[in-house]
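Read through the structure below, which is laid out as structure tokens, and then see the notes.
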Amino acid sequence: MSDTAASASFDLVVIGSGPGGYVCAIKAAQLGLKVAVVERRSTFGGTCLNVGCIPSKALLHASEMFSEAQHSFADLGIKVTPELDLPAMLAHKDKTVKANVDGVAFLFRKNKIEGVTGEGRIVKAGEVEVTGADGAKRTLQTKSICIATGSVVAGIPGVAVEFDGKTVVSSDHAIALEKVPATMVVVGGGVIGLELGSVWSRLGARVTVVEYLDKILGPMDGDLSTQFQKVLVKEGFHFKLGAKVTAIAKTEAGASVTFEPAKGGEAETLDAEVVLVATGRRPTTEGLGLAEAGVATDQAGRVEIDAHYRTNVEGIYAIGDVVKGPMLAHKAEDEGIALAEILAGQRGHVNYGVIPSVVYTSPEVASVGHTEEELKAKGVQYKSGKFPFSANGRARAMLSTDGFVKVLADAETDRVLGVHILGHSAGDMIAEGAVLMEFGGSSEDLARTCHAHPTLSEAVREAAFAAFAKPIHS
């Protein structure tokens, strides 16, 4: 632990130092609160910085550069013969992780936040017990407690999965494989599976995705899912959709995945060197003492909260993956800021209708707001404007013409209800849609906003033109 004192008193103790926890702590400290953060890992940053968002993005970028050197550079007049140095690529990933976790530690020092290493347990409202790796215990007295313990890898309901880190792996292991497998089966066609599948596919693995639903990317807009799957097939992916996994077993050559059609039919088995199970995540609540402290959880194991992040126990709050809503780092960050403001007497708030989702593949996929399927289900009358990157000058120059932008607007008011992008840098461009929607903007507002030329973001403007009038370049 960082302090040998038997006990200490704080305004806020945050359990968990992931994006939700560390952002909450920093904002609270900035607002004048005395804050401590309890983290079971030896480094701060939680899953996101240590084994999730940050290392996976480092590998996604590096593998994308390798793939471009193999397949695209010649068309740009660059002659190279790339050679993969996997240890160096993994070292880049580790260096990136270190820079980020060290950055959080620096911010804690800068804002006079006490970091306490060990397992945190809520004894009761106002009291957190921390057990260090050496077994030593320390009690933290506090006015408020924030549960920000995030999530862990979920298995497959009804299927025994034994992770060995080499042949049957989770996302935690898939960022550190020692060699490129010749074949990989990814169980789960969501964000994590497609991102990490992309990394190893670019580096030479034959990747097959087995997904229970009839589409990839679950709740994302149907247009995005359909077109993105076509792009991935072109890149070498194979898909088994509508497939219910019934068994995963180790074999002499690696592992096998047995599945059957979700709607009924004969079973099929696929063998691979590596099987990546990417079927989602579940809240981390084990060992927190929630039941003993009287903190209520729902059937999914999430901590129940009200609109101000309060649990049913006075003085105990929860944010991030451990509560309802999308398991996204930026959602947790916004909740952390809002909670810190509430604790400081301000009016913290999160607009859950404007939380973007991004898949950091190549091309990227990004969405904010409602999908067409959601609007149809709710009976909302809407307009749709769409524009392809194949008609965008900058995309042509970059050889990045796959994909499109789609803007959905209310048929009567023209207020934008959703923006969906498949294309290069979609994750950055979606912020324009989020800002517009945060201020209740219309498709005409977006279309009449001058965009620099030539840029990829002009495709966003053209889609807005298509929603309220007609696109210029199509």
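The values are calculated or read from the model by the stated rules, or taken from the named source; none is laboratory data. Keep in mind that this is a model prediction, so the values were computed, not measured. Ideal geometry is used to build each Cβ from the backbone, glycine not excepted, and the neighbour counts take in all protein chains shown. We work out accessible area using only protein heavy atoms, side chains counted, and drop any ligands, DNA or RNA first. Shrake-Rupley method; radii C 1.70, N 1.55, O 1.52, S 1.80 Å.
Brief remarks follow.
- Residues within segment 62-83 that are crowded, with 16+ Cβ neighbours inside 10 Å, without any contact (Cβ under 8 Å) to a residue 60 or more places away in the chain and either closer than 30 Å to residue 109 by Cβ or of a type in the set (Asp, Glu) (or both), tallied: 1
- Counting the residues of segment 395-426 that are surrounded by fewer than 19 Cβ atoms within 10 Å (Cβ to Cβ) and either under 26 Å from the mean Cα position of the chain (by Cα) or not acidic (Asp, Glu) (or both) gives 9.
- Comparison of 412, 462 shows that the only residue that is at pLDDT 95 or above and either in contact with a Phe, Trp or Tyr (Cβ under 8 Å, 6 or more places away or on another chain) or on the phi > 0 side of the Ramachandran plot (or both) is 462.
- Top-ranked residue in segment 444-468 [being small (Gly, Ala, Ser) and either under 27 Å from the mean Cα position of the chain (by Cα) or under 18 Å from residue 417 (Cβ atoms) (or both); ranked as surrounded by the most Cβ atoms within 10 Å (Cβ to Cβ)]: 464
- Only residues that are farther than 18 Å from residue 220 by Cα and part of a loop (DSSP other than H, G, I, E, B) were counted across segment 186-204, and they come to 2.
- Summed over segment 288-347, the residues that are more than 22 Å from the chain's Cα centre (by Cα), hydroxyl-bearing (Ser, Thr, Tyr) and under 25 Å from residue 32 (Cα atoms) give a count of 2.
- Unique match (being buried (at least 23 other Cβ atoms within 10 Å of the Cβ), more than 19 Å from residue 15 (Cα to Cα) and not polar (S, T, N, Q)) among 161, 169, 130: 169
- Strands (runs of 3 or more DSSP E) contained in segment 258-333 and holding at least 3 residues open to solvent by 40 Å² or more (accessible area, probe 1.4 Å) and closer than 30 Å to residue 204 by Cα: 268-272
- Residue 347 fulfils the conditions (1) crowded, with 18+ Cβ neighbours inside 10 Å; (2) free of Cβ contacts under 8 Å to residues at least 24 places away in the same chain; (3) out of contact with any strand residue (DSSP E or B) (no Cβ under 7 Å at 6 or more places or on another chain) except for a single criterion, (1).
- Residue within segment 145-154 that is modelled with pLDDT under 95, surrounded by fewer than 19 Cβ atoms within 10 Å (Cβ to Cβ) and under 30 Å from residue 13 (Cα atoms) present: yes
- Per-region count, segment 228-257, residues buried (at least 19 other Cβ atoms within 10 Å of the Cβ) and part of a helix (DSSP H, G or I): 3
- Top-ranked residue of segment 350-367 - restricted to ones that are among the polar types (S, T, N, Q) and not in a strand (DSSP E or B), ranked as least open to solvent (accessible area, probe 1.4 Å): 361
- Beta carbons closer than 6 Å, at least 6 apart along the sequence or on distinct chains, pair a first residue in segment 359-388 that is within 18 Å of residue 217 (Cβ to Cβ) with a second that is acidic (Asp, Glu) and open to solvent by 50 Å² or more (accessible area, probe 1.4 Å) for 363/402.
- Residues in segment 319-360 that are touching an Asp or Glu at 6+ places or on another chain (Cβ under 6 Å) and among the β-branched types (Val, Ile, Thr): 3 in all.
- Residue under evaluation residue 380, criteria (1) among the hydrophobic types (A, V, I, L, M, F, W, C); (2) part of a loop (DSSP other than H, G, I, E, B); (3) closer than 27 Å to residue 59 by Cα, criterion not met: (3)
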